[in-house]
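The values are calculated or read from the model by the stated rules, or taken from the named source; none is laboratory data. These figures come from a predicted structure and were not determined experimentally. Cβ: placed from backbone, ideal geometry, glycine included. Neighbour counts: every protein chain shown.
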Amino acid sequence: MESPASPQAQHQRRRVADFLWGSVSRARAPRIPFRMGQVLIGDDPFNGRHLGTVAVIDAPYVGLRTGGSKAGDVTFYDYRQLRYPD
């Protein structure tokens with residue numbers, strides 16, 4: 001039987017802790033209902049209303065690349081401020 005302070009036991013406890021932390025982190029993160037390349041409308045009082053394609057997903061934010069912007073410009077919205085075009 002391994003002692004509680006052995007390097008193998010410490011390594012195993014660390015692996016279990018990392019696994020549990022990752023599981024809890026994923027469970028608490030919001031699920032973004034949109035996918036890369038989808039066309040969406042973002043409506044925000046600060047950024048305005050823009051039609052664009054999803055270029056970046058970094059929960060809870062989604063970056064839209066609009067048609068009239070420069071190549072590297074992305075406008076970020078909270079995913080709750082996005083909707084599908086009518």
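So here's what we get for this one:
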| quantity | calculated |
| --- | --- |
| Segment 32-64, subset aliphatic (A, V, I, L, M), in contact with a strand residue (DSSP E or B) (Cβ under 7 Å, 6 or more places away or on another chain) and not in a strand (DSSP E or B), residue surrounded by the fewest Cβ atoms within 10 Å (Cβ to Cβ) | 36 |
| Total residues in segment 4-53, condition modelled with pLDDT of 85 or more, among the β-branched types (Val, Ile, Thr) and within 27 Å of residue 81 (Cα to Cα) | 4 |
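Per-residue answers, yes or no, for (1) in contact (Cβ under 8 Å) with a residue 12 or more places away in the chain; (2) not charged (D, E, K, R):
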| residue | (1), (2) |
| --- | --- |
| 18 | no, no |
| 25 | no, yes |
| 35 | yes, no |
| 61 | yes, yes |
| 76 | yes, yes |
| 79 | yes, yes |
